[in-house]
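Note sheet for the following structure.
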Amino acid sequence: MGRVFGLGVSMAAQWRSCRSWSSWSSWRSWRSWRSWSVPGASGHLPRAATLAPAGDVRGARVSSEFQDHLGRAGTREKVWVPVRRVHNTTRPKPFTRTHSDAKLKDPFSLAQKDLIHLYEDIKKELLVSTAELRALCEYYFDGKGKALRPMIVVLMARACNIHSHRTADLLPAQRSIAMISEMIHTASLVHDDVIDGADTRRGKTTINEVWGERKAILAGDFILSAASMALARIGNTAVVSVLTQVIEDLVRGEFMQLGSKDSENERFRHYLEKTFKKTASLIANSCKAVSILVNSDPQVHEIAYQYGRNVGIAFQLVDDVLDFTVCANQLGKPSGADLKLGLATGPVLFACQKFPELHAMIMRRFCSEGDVDRAWRFVLESDGVEKTNYLAQRYCREAIRQISQLRPSTERDALIRLTELVLTRNNAYSGLRYIDRMNFRARNHFCCVKSHRAV
């Protein structure tokens, strides 16, 4: 049914043994990352993404229970597992030359033309006669969101167009998918705020606080219905199938967030699968959808999908780090919110390696008095933030590897550049609200942002 992106039982065991940053560094110095496909799976992957043969994990062990969990429903799943590097001289080389010898292109300014009227077009889709319902539905479409998802979709669409020997200009259906991705995302935020009882979102009071939970739920439902109608008008059954999977993943991811797992291995697997379903699935499937419209090659579809998946997971990992390192004013929502909701994110799970007492807190969802403060302190006193950042860097590297297989273009280079911006959000977080007041010109300073982390 859904895709699982666990890091493997063997890898989780290695993490558990890493009690210091030095041991973690020494462990990863002789390990490399490689994709492994579940036996009996179907589908296609890019030739450049060589997979270990079925049953061959090059020294890394994955339990039969884990294989059964990943292989259910007969779908292909990809799992990161640590393996020794194996040189493959037959692997075709992807395109690696950048389109320009100068800096990688700024994705924000490059997407400006296609996104400048994004929110106005969304409001047209939400046209209703009831003034109150219209006010609810338009509340978050005020130009103050990051609009990261439609920007990625626009750049991926143009990159795929060029790769398919077309002009870079968007097809109307591709632009509709960018708009739909933002509508689905916003509807999920409205519903999330009701479930979490949140009182702030994007620096303003939430819909459920202003109008109440019942009306907030109805507003989220209406936005989803408007997105579904826009999707149906595209008239491509493959695209409809891909994007409806997103809605299923969002619901399943929310259910997963309500639960937890007993063992450390299962907990990490659960966390990453939930991260994919709640965050990365929308980006991955939207990227795949725009590629389907211009190219019939399943390998191109998979490249687009894998780029979106890896960037999406990295984005959420960094977001989980920012919950511990950035103040509420910069986030636009309360910092430390995940702990207060009883959620154990990447930094907490890594911190468990140094502070085993966190396990009991995770199982009771930080509900006892003092749990949130103690957990916060343990995270900051451990290397949980650093390890989560490193994991995000790994996913960004894989995203770059995937997108580099497309034909060189300015848009492809901008998608590569975007991975750097995902990792440096805590340097200039507010700059990501690039579409604020529909004015991109004030955001050009992002061209000069350089990552301060070793990638």
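The values are calculated or read from the model by the stated rules, or taken from the named source; none is laboratory data. Small disclaimer: the values here were computed from a predicted structure and weren't measured. Cβ sites come from the backbone with ideal geometry, for glycine too, and all protein chains shown count toward neighbours. Just so you know, the surface numbers come from the protein's heavy atoms only, side chains and all, with ligands and any DNA or RNA stripped out. Shrake-Rupley method; radii C 1.70, N 1.55, O 1.52, S 1.80 Å.
Values for this structure:
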{"quantity": "Overall Cα dimensions of region 127-263 - principal axes, largest extent first, Å", "calculated": "50, 50, 28"}
{"quantity": "Carbon and sulfur %, accessible surface of region 151-270 computed with the full protein complex present, 1.4 Å", "calculated": "56 percent"}
{"quantity": "Normalised convex hull volume, region 106-197, alpha-carbon set, Å³ per residue", "calculated": "106 Å³"}
{"quantity": "Relative intensity, log₁₀ I(q)/I(0), of region 225-264 from a Debye sum that treats every alpha carbon as a point, q = 0.17, 0.19, 0.30 Å⁻¹", "calculated": "-0.56, -0.62, -0.98"}
{"quantity": "Calculated FRET value between T205 and E254, using beta carbons and R₀ = 30 Å, to 0.05", "calculated": "0.85"}
{"quantity": "Å² per residue, accessible surface of region 226-308 at 1.4 Å", "calculated": "34 Å²"}
{"quantity": "Relative packing of peptides 295-303, 392-400, 354-362 - highest average C-beta neighbours within 10 Å first", "calculated": "392-400, 295-303, 354-362"}
{"quantity": "Among 226-233, 183-190, the order from most to least packed when residues are scored by Cβ within 10 Å on average", "calculated": "183-190, 226-233"}
{"quantity": "Spin-label model distance (nm) - T244 vs L127, 7 Å beyond Cα toward Cβ", "calculated": "2.7 nm"}
{"quantity": "Chain lengthening between D221 and L380 when straightened (0.36 nm per residue, less Cα-Cα)", "calculated": "53.4 nm"}
{"quantity": "Length added when fully stretched, K113-L341, from 0.36 nm per residue minus Cα-Cα", "calculated": "78.2 nm"}
{"quantity": "Among the listed pairs K261/K288; K274/K387; K123/K277, those beyond 22 Å (Cα-Cα)", "calculated": "K261/K288; K123/K277"}
{"quantity": "Heavy-atom accessible surface of region 344-386: percent carbon and sulfur, 1.4 Å", "calculated": "53 percent"}
{"quantity": "Rounded accessible area per residue of region 146-218, 1.4 Å, Å²", "calculated": "37 Å²"}
{"quantity": "Residue-by-residue Karplus 3J(HN,Hα) for region 202-216, coefficients 6.51, -1.76, 1.60, Hz, glycine and proline x", "calculated": "6, x, 9, 5, 6, 4, 5, 7, 7, 10, x, 5, 4, 5, 5"}
